[in-house]
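See below for the structure under consideration.
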Ligand code: AP5
Ligand code: MG
Ligand code: ZN
């Protein structure tokens, strides 16, 4: 059975950057509620569309994301879970549907998060992340991996980033404390270079 890895961290902590590499290295599924919701932004649910929440930086209702995660985990032989759980009720749901081999928290200071998010550029085709300062593509505006166009996410404006960080503090920090209390949380310094972070994360997983 493939490893079951949970990656926690604030918006901009590097969850997507690390998850993509982890999924390739360990041959597991990258399960990310953010990408799944972005791909279905205008899906009608009884609560409204995902877009109506995401544009404001608010959480999409639990019922919608729980269903996405359950379906994705059912099909996966090992996974790296990115962007879920984001509140205690989602964390309880996750406990009901799966066990975890590693729970890793990428720790990054708030001032750094704002700069990372407002400078992020994402490949429109393959989803690879770049940054205008910290992680430049070889050619401006073009993806190194697939040649796709690099775009800015709708919710990466400074105002929405501030809202996402406050939603994180209120809803997701208690999730981190919950795993810490259970004694399963391993903290990794997310302010190192992406390669250094990856090494530390790998060490945690290989140890698990
Ligand atoms: P989601 O897409 O999950 O966004 P997020 O959690 O806010 O996190 P990000 O994707 O912004 O950051 P990341 O940690 O992946 O960082 P990245 O690697 O890109 O969610 C979006 C929205 O969807 C939510 O607001 C909500 O509305 C909804 N949603 C999603 N899941 C939900 C759920 N479970 N329940 C309810 N609603 C949900 O890195 C960021 C930047 O930094 C990049 O430019 C990168 O190149 C750069 N970078 C990365 N690592 C480093 C490094 N080590 N040093 C320097 N720069 C770095
Ligand atoms: Mg992400
Ligand atoms: Zn690409």
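All of the numbers you see were taken from the coordinates with simple rules; none came from a lab. Note that the structure is a prediction, hence the values are computed from the model and not measured. Cβ coordinates were reconstructed from backbone atoms using ideal geometry, including for glycine residues, and neighbour counts include every protein chain displayed.
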- Would you kindly identify the strands (runs of 3 or more DSSP E) lying entirely within the stretch 44-134 that contain at least 1 residues that are in contact (Cβ under 8 Å) with a residue 24 or more places away in the chain and within 16 Å of ligand 3 (Cβ to nearest atom)? 120-123, 129-131
- Within the stretch 147-160, can one find any residue that is surrounded by 18 or more Cβ atoms within 10 Å (Cβ to Cβ), outside any loop (DSSP other than H, G, I, E, B) and over 18 Å from the mean Cα position of the chain (by Cα)? yes
- Applying the selection to the stretch 161-205, what residues are part of a loop (DSSP other than H, G, I, E, B) and closer than 20 Å to residue 115 by Cβ? 190, 191, 192, 193
- Residue count for the stretch 1-21, restricted to those that are in a loop (DSSP other than H, G, I, E, B) and either within 13 Å of ligand 1 (Cβ to nearest atom) or buried (at least 23 other Cβ atoms within 10 Å of the Cβ) (or both): 5
- in contact (Cβ under 8 Å) with a residue 40 or more places away in the chain, closer than 24 Å to residue 57 by Cα and either loosely packed, with under 12 Cβ neighbours inside 10 Å or more than 18 Å from the chain's Cα centre (by Cα) (or both): does that describe residue 208? no
- Message: For the stretch 169-185, which positions are under 22 Å from residue 1 (Cα atoms) and in contact with a helix residue (DSSP H, G or I) (Cβ under 7 Å, 6 or more places away or on another chain)?
- Response: 185
- Check residue 165 against each of (1) in contact (Cβ under 8 Å) with a residue 24 or more places away in the chain; (2) within 15 Å of ligand 3 (Cβ to nearest atom) and name the one condition it does not meet. (2)
- For residues that are near ligand 1 (Cβ under 10 Å from one of its atoms) and in a helix (DSSP H, G or I), scanning just the stretch 22-40, find the one that is farthest from residue 124 (Cα to Cα). 33
- Picking from 103, 108, which residue would you name as being within 16 Å of ligand 2 (Cβ to nearest atom) and in contact with a strand residue (DSSP E or B) (Cβ under 9 Å, 6 or more places away or on another chain)? 108
- Query: Counting only residues that are under 25 Å from residue 161 (Cα atoms) and over 14 Å from the mean Cα position of the chain (by Cα), how many does the stretch 94-115 have?
  - Reply: 6
- Test for residue 65: is it away from ligand 1 (no atom under 11 Å from the Cβ), surrounded by 19 or more Cβ atoms within 10 Å (Cβ to Cβ) and more than 13 Å from the chain's Cα centre (by Cα): no
- Message: Conditions first: (1) farther than 21 Å from residue 131 by Cα; (2) out of contact with any strand residue (DSSP E or B) (no Cβ under 9 Å at 6 or more places or on another chain). Residue 11 passes all but one, so which condition is the exception?
- Response: (1)
- Please work out which residue is farthest from ligand 3 (Cβ to nearest atom), limiting yourself to the stretch 14-40 and to residues that are free of Cβ contacts under 8 Å to residues at least 60 places away in the same chain and more than 21 Å from residue 85 (Cβ to Cβ). 27
